[in-house]
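All of the numbers you see were taken from the coordinates with simple rules; none came from a lab. Predicted model only: the values in this text are computed from it and were never measured. Here the Cβ positions follow ideal geometry from the backbone for every residue, glycine too, while neighbour counts run over all protein chains shown.
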Amino acid sequence: MSAVRDESEIEASRAPLLDHLIELRTRLLWSVVAFFVCFIVCYVFAHDIYNFLAQPLYHALEGQPNQRLIATAPQETFVTYLTLSMWGGVFLSFPVLATQIWLFVAPGLYKDERGAFLPYLFATPILFIMGSALVLYVIMPLALNFLLSFQAPAGPGQLPIQLEAKVSEYFSLTMSLMFAFGLCFQLPVALTLLGRVGIVTSAGLAKARRFAIFGVFVVAGILTPPDALSQFALAVPVLALYEISIWLVRASEKKRAQPDQGTTSKG
């Protein structure tokens with residue numbers, strides 16, 4: 001009876017292709033407007049965002065004479081503020097974008113599919129924040145302390161080596177790492193969705209664990225600065241998320257198998 005009701009709801013929501021395209025345009029328009037509003041708000045507070053993201057470097061250089069960031073082009077600071085505002089705009093407007101995607105897709109889903117999809121909508125930004133926070137509070141301090149250890153003091157007949165970090169390069173590195181780690185932390189969402197549609201299985205993921213460990217450490221070596229602490233700081237949480245993904249896929253498989261068992265017992 002529930003399946004018939006779901007079919008009738010989907011049938012009632014069907015519309016000509018042109019209506020769907022018009023609705024899609026409206027959803028995209030709301031998303032773009034939300035992004036520009038959030039972009040403007042972030043630009044107003046761009047200096048505060050700059051100070052917040054510069055904290056790892058501030059603490060790493062604390063007490064040193066070169067405790068500053070430099071700009072080597074007149075437009076460099078302005079472009080950096082624009083870049084920070086753009087990233088902040090994307091982050092703040094994501095709930096609006098996710099809501100618009102949901103409102104566009106939900107009418108074409110069955111009731112149980114809508115219930116299954118909603119948790120991923122909430123989990124995605126939370127996991128992204130966790131990955132970004134790992135960069136800001138763990139990876140960058142470890143990496144900066146390691147890299148700054150290669151500075152050389154002045155001596156007789158020697159030239160010192162001191163960091164003069166460019167503002168654009170520092171924030172490019174920080175934002176790239178935050179984005180990369182945020183994506184890596186989407187692993188449970190991606191694998192669980194693939195498990196729900198039958199592309200992967202919990203048994204297959206468990207069997208491929210050794211390859212996953214190798215792949216994660218390769219990716220960690222590429223994404224993080226060249227020190228073991230930073231690589232382990234990314235690899236260990238991602239491997240933990242991989243194990244959580246196996247558990248979530250297994251739970252999804254058991255849930256799907258329950259109706260089948262009920263049907264078999266009735267027969």
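Details
- Taking the helices alone, the chain has a mean residue ellipticity at 222 nm of -26000 deg cm²/dmol, built from -39,500 (n - 2.57) per DSSP H run of at least 4 residues and averaged over all its residues.
- Gained length - A123 relative to I244, 0.36 nm times residue gap less alpha-carbon distance: 42.2 nm
- Here's how it looks for K166: its modeled amide H is under 5 Å from those of I70, which are all 5 or more places away or on a different chain.
- Label selected from (i) 22.2; (ii) 19.6; (iii) 18.3, the criterion being Kirkwood radius over Cα pairs in Å as computed here: (i)
- Extending 7 Å from the Cα toward the beta-carbon at both M130 and E253 defines two label points whose distance is 2.2 nm.
- Estimated from the Cβ-Cβ distance and a Förster radius of 45 angstrom, the FRET efficiency linking V105 and H47 is about 0.70.
- Oblate is the label for segment 71-212, because the ratio a/c of its alpha-carbon gyration tensor axes (a ≥ b ≥ c) is 1.5 or higher and a/b is not greater than b/c.
- Rounded to 10°, Cα long-axis angle of helix 111-134 versus longest principal axis of the chain: 10
- Cβ-Cβ FRET estimate between A228 and L24, R0 fixed at 35 Å, reported to 0.05: 0.15
- Axis angle, to the nearest 10 degrees, between helix 228-266 and the longest C-alpha principal axis of the chain: 0 degrees.
- Label point of Q75 set 7 angstrom out along Cα-Cβ; within segment 161-175, amide nitrogens under 17 Å from it belong to 167-169.
- When only alpha carbons are used to place a centre, segment 32-55 and segment 198-234 end up 33 Å from one another.
- Computed lengthening from T201 to F36, 0.36 nm per intervening residue step minus Cα-Cα distance: 55.3 nm
- Angle in degrees between helix 17-44 and the longest Cα principal axis of the chain, rounded to the nearest 10: 30
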